[in-house]
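Taking it in order: structure first as structure tokens, then the write-up.
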Amino acid sequence: MEIKYWSGTPFWLGPAAGEGGHAVKYSAVSRQANRAAPPDHPEDLPDDYLTQALVRDLSTQEAVFDFKVQLQTEPVGMPVEDVSVKWDENDSEPVTVATLRIPPQKVDALGDLATRCESMAFNPWHALAEHRPMGGMNRLRKVVYQASIAKRVDH
């Protein structure tokens, strides 16, 4: 809950057709005051250390994140097609557009909800046209996610 999450690829934000939209990247930034530094040697952590942290932290407190949007303000320095280029936050400061709150709760990694979640599939293309993924990397992701979902359904 203490990690900053972000989209490495850009998305469209605005009308599905016509003018008035922007390429954007999203982030969710934790408001937790007790943010811990990332581990020096993550390879030494147990495979389920994120699950352990989630169970521990949500048992006593809510998780709060600022959901932010970073607008593409300069197409050369903030390209859509080259996801290896970090969009400089000094050129376009991410703007908080929402607050995400996850209430305190008992997380049962082996319970019914966890089982149901394991049967779900994520696909960034499952979005409104006004929020669609952009660029070649996202087009590639579409194919990969569809193949992954098909593979999971077969097993």
The farthest towards the positive end of the charge dipole of the chain, of the residues Gly111, Pro10, Leu100, given +1 on Cβ of Lys and Arg and -1 on Cβ of Asp and Glu, is Gly111
Sticking with the crude label model, points 7 Å out along Cα→Cβ, report the distance from Leu50 to Val153 in nm, one decimal please. 2.5
Lys and Arg at +1, Asp and Glu at -1: neighbours of Gly8 with Cβ under 14 Å from its Cβ sum to +2
Can you list the residues, at least 5 places off or on another chain, whose amide H is less than 5 Å from the amide H of Ala63, using H built in the peptide plane? Ile102
Pulled fully out, how much extra length does the chain show between Glu43 and Thr60, if you take 0.36 nm times their separation in residues and subtract their Cα-Cα distance? 3.4 nm
Treating every alpha carbon of segment 81-135 as one equal point scatterer without solvent, the Debye formula yields log10 I(q)/I(0) values at q = 0.13, 0.25, 0.29, 0.30 Å⁻¹ of -0.70, -1.10, -1.15, -1.16
Rounded to a whole %, the carbon-and-sulfur portion of the accessible area of segment 1-117 at a 1.4 Å probe is 56
Give me the percent relative contact order of segment 61-155, please, defined on Cα pairs under 8 angstrom at least 6 residues apart. 29
To the nearest 10 degrees, how steeply does helix 49-58 sit against the main Cα axis of the chain, on a 0 to 90 scale? 80
Find the Rg to Rh ratio for segment 53-111, where Rh is the Kirkwood radius over alpha-carbon pairs and Rg uses the same atoms. 1.21
About the Cα centre of segment 70-155, what is the dipole size in debye to 20, counting +1 per Lys and Arg Cβ and -1 per Asp and Glu Cβ, all else neutral? 520
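With every protein chain kept in place and ligands, DNA and RNA left out, what is the accessible area per residue of the chain? Probe 1.4 Å, answer in Å².
70
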Rounded to the nearest 500 deg cm²/dmol, what is the calculated helix-only ellipticity per residue at 222 nm for the chain, with -39500 (n - 2.57) per DSSP H run of length n ≥ 4? -7500 deg cm²/dmol
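Find out how many positive minus negative residues lie around Lys25, taking Lys and Arg as positive, Asp and Glu as negative, among other residues whose Cβ is under 15 Å from that of Lys25. Walk me through the numbers before you get to the answer.
Values: positive: Lys4, Lys68, Lys86, Arg132, Arg141; negative: Asp66, Glu74, Glu81, Asp82, Asp88, Glu89, Asp91, Glu93.
Within the 15 Å Cβ shell, the charges total -3.
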Alpha carbon Rg of the chain, scaled by the compact-globule rule 2.2 N^0.38 Å: 1.20
Can you tell me the orientation of helix 135-154 relative to the chain, as the angle in degrees between its alpha-carbon axis and the longest Cα principal axis, to the nearest 10? 40
Contour excess over end-to-end distance, with Cα ends at Gln146 and Asp112 and 0.36 nm allotted per residue: 9.7 nm
Taking θ = phi - 60°, what integer Hz values does the Karplus form 6.51 cos²θ - 1.76 cosθ + 1.60 yield along segment 82-89, in sequence order, with x for Gly and Pro? 10, 6, 7, 8, 6, 6, 5, 6
Computed over segment 1-94: relative contact order in percent, which uses C-alpha pairs under 8 Å that are six or more apart: 31
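The values are calculated or read from the model by the stated rules, or taken from the named source; none is laboratory data. Keep in mind it's a predicted model, so treat the numbers as computed, not measured. All Cβ positions, glycine included, derive from the backbone under ideal geometry; neighbour counts span all protein chains shown. The area values use the complete protein model at the heavy-atom level, side chains included, leaving out ligands, DNA and RNA. Shrake-Rupley method; radii C 1.70, N 1.55, O 1.52, S 1.80 Å.
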